[in-house]
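Notes to accompany the following structure.
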Amino acid sequence: MFTVKTNVRNYQTFGEFAEAFALSEDDLVITQSFLYEPFMKSEKLPCTFVMQDRYGGGEPSDEMINSILEEVKGKPFKRVVGVGGGTVIDISKLFVLKGLEDATDAFERRIPIVKEKRLVLVPTTCGTGSEVTNISIAEIKSRHTKMGLADDAILADDAVLIPELLRGLPFKFYAYSAIDALIHAMESYLSPKANVYTQLFSEKAIGMILNVFKGISQYGEEYRFDHFEAMLTASNFAGIAFGNAGVGAVHALSYPLGGGYHVPHGEANYQFLTAVFNVYYDKDPQGKICDLNEILAENLEIRKEELSGNPKIVYDILDRLLGKLAPKNPLRHYGMRPEETGEFTVSVLKTQQRLLANNYVPLSEEDIRKIYQSLY
Ligand SMILES: [Fe+2]
């Protein structure tokens, strides 16, 4: 019903972590310059450091991974330490694999997926939960598509939560990544693979995230600085929930927007969240979506009478709260063309069955097209 193979650890500073893990010349640290300069440089560590941002921006790609593989070729490191956002974490996972020379070989499983090195993941955004999941996703430019590798060989041995590392994260990135964590918690709660164990983590994550969001909406963006630990923990809880139960249609429908128009993951998901849940509710208003709505209502301070009179009010109030953190945009804002509402539908049905299998209720081609049209 439930597995967490990764040790979860927490330190207040990067220095404390470096000391506890005895970082040495045996370690390959994959990170980004804007994190290295303020948090790691002064530690004068003997590790091999790789700055991912020197190999291209945006989401991970085969080209980015291959350039780094080339750079560290022949260096006999024993442990991989990924310190960064989703891109760094997803890239780092591949560096533990035995005999990897070309990223595409792993994604297409042309080589045996065997773990050769220890993996330590330190997330510096509060959204992906990727530090506790066995999935790495990258754009395979040579194939013009995004691919995912899901295998326990790329699970981290240790996930390390260090609140101070979130300090440099601009508010916009903070907000979108935290919204992504909320989506992980909500989607995994409704997944057919969910059970009381996974729902425990989903429910707690929803409460913690909405609590911080309410604080931000009341006191402003600065409020987040005193609540990084709560948000990192909630994101980790949501990662544990979806690592076991999966995420569904919100993630599936956002794929073409992310792939085709390079909309960052959290921002793309946000566009679809309440539209998908509205359709879910219409299609099956009797099932566990009622429990989820009650959880949302309680955390959003919606009275019981209000909820029973208009159950979908939770999605409106949620939209209003999230709207205070980040704008939700019509899909055309991202450059999407009207005919793509149909094309995206076909592509999602063809390529995202892995995620669509985790839907609360099955969505038909027409349901999906209508969601795209309503958001266009
Ligand atoms: Fe996500």
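A few notes on this one:
- In the set A181, A159, A194, only one residue is in contact with a Pro (Cβ under 8 Å, 6 or more places away or on another chain) and surrounded by 22 or more Cβ atoms within 10 Å (Cβ to Cβ); that residue is A159.
- So R118, is it in contact with a Lys or Arg (Cβ under 7 Å, 6 or more places away or on another chain), away from the ligand (no atom under 16 Å from the Cβ) and over 27 Å from G259 (Cα atoms): yes
- In summary, L166 fulfils each of the numbered conditions (1) away from the ligand (no atom under 16 Å from the Cβ); (2) surrounded by 16 or more Cβ atoms within 10 Å (Cβ to Cβ); (3) under 19 Å from Q352 (Cα atoms) with the single exception of condition (3).
- Criterion violated by F213 - all others in (1) within 16 Å of the ligand (Cβ to nearest atom); (2) within 18 Å of the chain's Cα centre (by Cα) satisfied: (1)
- Condition check for F272: assigned by TED's automatic domain parsing to the domain that holds Y197, within 16 Å of the ligand (Cβ to nearest atom), aromatic (F, W, Y) and part of a helix (DSSP H, G or I): yes
- Qualifying position, being over 17 Å from A268 (Cβ atoms) and outside the structural domain of G323 (by TED's automatic domain parsing), among I113, I137: I113
- Meets criteria (within 16 Å of the ligand (Cβ to nearest atom), buried (at least 17 other Cβ atoms within 10 Å of the Cβ) and more than 28 Å from F107 (Cα to Cα)) for I137: no
Matching residues to (1) in contact (Cβ under 8 Å) with a residue 24 or more places away in the chain; (2) within 14 Å of the ligand (Cβ to nearest atom); (3) not hydrophobic (A, V, I, L, M, F, W, C):
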{"position": "V122", "(1), (2), (3)": "yes, no, no"}
{"position": "C126", "(1), (2), (3)": "yes, yes, no"}
{"position": "V132", "(1), (2), (3)": "yes, yes, no"}
{"position": "V160", "(1), (2), (3)": "yes, no, no"}
{"position": "Y189", "(1), (2), (3)": "yes, no, yes"}
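- Subset of the range 107-120 [assigned to a strand (DSSP E or B) and touching a residue at least 40 places away in the same chain (Cβ under 8 Å)]: R118, L119, V120
- Exactly one residue among E37, E59 is assigned by TED's automatic domain parsing to the domain that holds A153, of a type in the set (D, E, K, R) and free of Cβ contacts under 8 Å to residues at least 60 places away in the same chain, and that residue is E37.
The values are calculated or read from the model by the stated rules, or taken from the named source; none is laboratory data. Please read these numbers as outputs of a predicted model, since none were measured by experiment. A quick note on method: Cβ atoms are made from the backbone with ideal geometry, for glycine too, and the neighbour counts reach across all protein chains shown.
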